[in-house]
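Bear in mind that the values in this text are calculations on the coordinates, not laboratory data. Keep in mind that this is a model prediction, so the values were computed, not measured. With ideal geometry, Cβ positions are generated from the backbone for all residues, glycine too; neighbour counts draw on all protein chains shown.
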Amino acid sequence: MNETLESPRVASVLNRLLRTLCRSLASYAEEIKPWSLAADEPVWVAIGRLAADSRMYAERVAEAIIEHGGQPDPGAYPLKFAALNDLGLEFFLRQIILHMQRDQQVICECLAELAQAADVRALAEEVHGNLRGHIELLEALAAKYDRHALPS
């Protein structure tokens, strides 16, 4: 444990990271499964992989919180997510990407606050890089929807 940054402060920042991982719009989408066509399977596979990675990192972050004397608190999904339940996957995907970009900003803020806690900063950097890769993949899948929408 790093003595230069107080453990309660580290646990607080890690809990913010945990909530970002556990309560993302992508995780919500995987749970509620908005309406989609059979052709949307590649998007579901990508969302499923993102959600699996988020669960894996959430477990590691929760362990780090406990190591720093904190209590993991994943929080609840924002109520505003329920307003998206009736959207088709094509539109939901665009919202997921926007929310992931916001989540990436939160993770960057966590990274800055963990600058003096090398033991957990490396984990936050790993989460950040993983999310960036998922954003790129989902953006590529969303671009396919855009190309299909163009008149021939």
Note, MET56: beta-carbon cut-off 15 Å, +1 each Lys/Arg, -1 each Asp/Glu, net -2
Cut-off 10 angstrom, C-alpha nodes, Gaussian network model of the chain. Which of PRO34, PRO74, PRO42 fluctuates the most? PRO42
Taking the Cα atoms only, what angle lies between the long axis of helix 7-22 and the longest principal axis of the chain, rounded to 10 degrees? 10
For ALA118 and GLU67, compute 0.36 nm times the residue count separating them, minus their Cα-Cα distance, and round to one decimal in nm. 17.0 nm
Between ASP146 and GLU6, what length in nm is gained on full extension when 0.36 nm per residue of separation is reduced by their alpha carbon distance? 45.6 nm
With an 8 Å cut-off on Cα pairs and a minimum separation of 6 or more residues, tell me the relative contact order of region 7-149 in percent. 36
Two-site label geometry, ARG60 and LEU111: point separation in nm, points 7 Å out along Cα→Cβ: 1.5
Report, to the nearest 10°, how far helix 89-113 tilts away from the longest principal axis of the Cα atoms in the chain, using its own Cα long axis and a range of 0 to 90°. 20
CD proxy at 222 nm, helix term only [per DSSP H run n ≥ 4: -39500 (n - 2.57); per residue of the chain; nearest 500]: -24500 deg cm²/dmol
